[in-house]
Amino acid sequence: MTELPSFAMRVSDVFASSVFLTEKLGFTLTEHKPDEDIAYLLDSDGDTLLLAGPAAQENLAVYLAAQHSIARPGESIGFNGGDLEARQADLLSKGINDLQITQNRIGDRILAVKMFDNYTFHYTVPATHAFDDILSMYAHLSAELDGALTGLSEAEMGLALHEDSWSIRQIIHHLADCDILFAERMKVQLSSSGAVMADPHPVGNASVSTGSEYRDRPVRTSVALFRAFHEHILDIVKYVPNAGERSIDGNNGQKSTFSQMVHLIVGHTGEHLDEILEIRRKYGK
């Protein structure tokens, strides 16, 4: 193996998971170490991932690149979509029936596939939008957030769809975290187009969303950060010609434009705002 992977999945059975991924999803097994309860695979995007079973050591950092993330059962993992209908037909022919193609609020088409250990793989084909249109959607997010929270008491911020899902409060803190995570990339795209910049690697939603600072802390500062950062970015864009085309190159050589980053944030934030509205409907709030 020439380089260490930057992504790992905790699984209940490394061998069974490897068989599923190779036989059903076309992944390639490159190395299996039964004594260490780990396996390395190439995924459908050509990236190396690590599978780690119950007997693998707790600290997986020794197997991974310095910047890495570790997914745990129940999380969602995203991949490039390609031809969704062809992929859906192929998976159905292989006996995978728990899958569906949906379209989100900004037109992205998504094939969601339920996996082992309650993982969900999302294969996404982004919609095409003019930069001014996607920027207008971004500009409207703060008002949408305010509307989604209007009239809720601090106690009601603790409401959730299910016992094991995030509360409204945790969702808001997560959205603020995402702005922090991608802030530097957006600023570098606008100020130093063409720069090479390593991809951000979040530590994983499960490990940060369950602490008291997410579960119990009021949302006031996270809402203020969200609103201020979006206003800040929109102010900068006014002074940057061809802002949507400004870009950075990842350490894997893949170019990421400012327009693509705005698209990502609009789609992701919209999904969580819809989740908040669904929670409110459930409780009649």
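Say R0 is 22 Å: what FRET efficiency, to the nearest 0.05, do LEU234 and SER191 get from their beta-carbon distance? Taking R0 as 22 Å, the efficiency between LEU234 and SER191 is 0.90. Per the Debye calculation on the chain with a single equal scatterer at every Cα and no solvent contribution, log₁₀ I(q)/I(0) for q = 0.07, 0.09, 0.14 Å⁻¹ amounts to -0.29, -0.49, -1.21.
For the peptides 73-82, 19-28, 146-155, the ranking by mean Cβ contacts within 10 Å, running from highest to lowest, is 19-28, 73-82, 146-155.
Rounded, prolate or oblate, given the Cα gyration tensor of segment 83-126, with a/c below 1.5 counting as rounded?
Details: a/c = 2.67, a/b = 1.40, b/c = 1.91.
Judged from the Cα gyration tensor, segment 83-126 comes out oblate (a/c at least 1.5, b/c at or above a/b).
Here the chain carries DSSP beta bridges of which approximately 65% are antiparallel, counting only pairs with both residues inside. Ellipticity at 222 nm from helices only: DSSP H runs of n ≥ 4 in the chain, each -39500 (n - 2.57), divided by the residue count, give -13500 deg cm²/dmol.
Treating each Cα of segment 127-285 as one equal point scatterer and applying the Debye formula with no solvent, the log10 of I(q)/I(0) at q = 0.16 Å⁻¹ comes out as -0.93. In the complete set of protein chains, residue-level accessible area for ARG246 is approximately 70 Å², probe 1.4 angstrom. How big is the C-alpha Rg of segment 1-41 next to the rule-of-thumb value 2.2 N^0.38 Å, as a ratio? Scaled against compact globular proteins, the figure is 1.12.
Once you order the gyration tensor axes a ≥ b ≥ c over the Cα atoms, which shape class does segment 93-204 get: rounded for a/c under 1.5, otherwise prolate or oblate by comparing a/b with b/c? Judged from the Cα gyration tensor, segment 93-204 comes out oblate (a/c at least 1.5, b/c at or above a/b). The lysines whose alpha-carbon is closer than 23 Å to the alpha-carbon of LYS187, local same-chain residues fewer than 8 away aside, are LYS238, LYS255.
The values are calculated or read from the model by the stated rules, or taken from the named source; none is laboratory data. Just so you know, these numbers come straight off a predicted model, no measurement behind them. Counting neighbours? That spans all protein chains shown, and the Cβs are built from the backbone with ideal geometry, glycine included. All accessible areas refer to the heavy atoms of the entire protein, side chains included, with ligands and DNA or RNA removed. Shrake-Rupley method; radii C 1.70, N 1.55, O 1.52, S 1.80 Å.
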